[in-house]
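Reading through the structure tokens given below for one structure.
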Amino acid sequence: MFTATISPNQSSLSNSPQDLFSAITDLKKELNAVILAHYYQEGDIQDIADYIGDSLGLSQQAASTQADVILFAGVHFMAETAKILNPHKLVLLPDLEAGCSLADSCSADQFSKFKAQYPDHIVISYINCTAEIKALSDIICTSSNAVKIVKQIPKNQPIIFAPDKNLGRYVMEQTGRDMVLWDGSCIVHETFSEKKIVQLKVQHPQAEILAHPECETHILRHADYIGSTTALLKYALDSKSSEFIIATEPGIIHQMAKDAPKKLFIPAPPENNCACNECPYMRLNTLEKVYLALKNRTPEINLSESIRVKALKPIQKMLEMS
Ligand code: 13P
Ligand code: SF4
């Protein structure tokens, strides 16, 4: 539930979520803005969004939107991708600090040196990377199309896969391809406790375990189904089961519970008794910051045109191959 308050010098709004919802709706009309939100956003943000999706769906929406302004309720690499696709539009990110541990694990400098060791390899990069890494890549992929894209690459063509080693390993298993992996990972998907998941399964023997491919192999081997956030949501809705253990960021459960209110969705527990299965970057965005970003038309995403043009090519390639 929404708890933030608007300070008097920011707005004359009360702190009621209803006021914020209607103020955001008015601003959206005024600016011809669209709100694109990822499933890991807090529930209130998902509820005000025009489109909620996984990274592929969000990129496709960003590529086709007629809006003049894109408010991206997600993390920096997602808003940056929207800007790469829409250089003339205003792209807003409610909190510029909303980064990503995967993107942070792969600096352009280090990656260039890594890539130089494998001159005959092509580079397939997970969309969870900076524009600079995209500019050094041949094709971008997301968790929903990584297997499909790798399967389209000729067998004799060696591949570097960056930056997520867990997704890379999963793709290798699914395709039987050997790939050179960059050693990056997501802090959220590496937090799940195998022991606690197994204990939950004992308490809920009928529950299906749904996992995101960013999880480590020892978690994925317990999964009944592995997929992107959109794929996990669809699976949960279509399945005959009524109980699920969800091994990904628990923001997705907001949508699962909304669409299937009679089913039980249990978040997979982290190793420690912390809330570290919540992405600390995604959760920096709040409904209040969404309102302020639209009202003040900032924080805005900007990037150099030379990087943008280079980063666009592998994103377009992904959109063609998806
Ligand atoms: P998808 O929504 O594409 O499955 O990605 C999950 C994720 O970690 C985004 O940061
Ligand atoms: Fe990055 Fe992981 Fe957060 Fe997704 S959940 S934004 S991969 S840190």
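Coordinate-derived values only; no laboratory data. Given the structure is predicted, the values throughout are model-derived calculations rather than measurements. As a convention, Cβ positions derive from the backbone with ideal geometry for all residues, glycine included, and neighbour counts pool all protein chains shown.
What the table below lists for this structure:
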quantity: Extension gain from Q174 to K234, taking 0.36 nm per residue of separation minus the Cα-Cα distance; calculated: 19.6 nm
quantity: Dipole in debye (nearest 20) - the chain, about Cα centre, beta carbon charges: Lys, Arg +1; Asp, Glu -1; calculated: 680 debye
quantity: Dipole of the chain, positive end: most advanced residue of T217, I122, S59 [Cβ charges, Cα centre]; calculated: I122
quantity: Likely footprinting exposure, T230, T81, T25, fewest C-beta neighbours within 10 Å first; calculated: T25, T230, T81
quantity: Counted charge near K234, where neighbours are those whose Cβ lies closer than 12 Å (Asp, Glu -1; Lys, Arg +1); calculated: -3
quantity: Residue exposure sequence - D44, D259 - by fewest surrounding Cβ within 10 Å; calculated: D259, D44
quantity: E243/I187 FRET efficiency (R0 30 Å; Cβ-Cβ; nearest 0.05); calculated: 0.65
quantity: In region 135-201, the trypsin sites (Lys or Arg not before Pro) that fall in loop regions by DSSP, at most 14 other Cβ within 10 Å; calculated: K155
quantity: Antiparallel bridges, percent of DSSP beta bridges restricted to the chain (to nearest 5); calculated: 5 percent
quantity: Nearest-20 debye value, region 232-298 charge dipole, Cβ charges on Lys, Arg, Asp, Glu; calculated: 340 debye
quantity: Sites F21 and T298, calculated FRET efficiency, Cβ-Cβ separation with R0 30 Å, nearest 0.05; calculated: 0.90
quantity: Sites K313 and K196, calculated FRET efficiency, Cβ-Cβ separation with R0 51 Å, nearest 0.05; calculated: 0.75
quantity: Paramagnetic label zone (point 7 Å from Cα along Cα-to-C-beta, D50; backbone N under 18 Å) in region 275-298; calculated: 290-298
quantity: Footprinting exposure proxy for D138, D95, D120, D178 (fewest neighbouring C-beta atoms within 10 Å first); calculated: D120, D178, D138, D95
quantity: Cα-projected label distance for K151 with D109, points at 7 Å along beta-carbon direction, nm; calculated: 4.1 nm
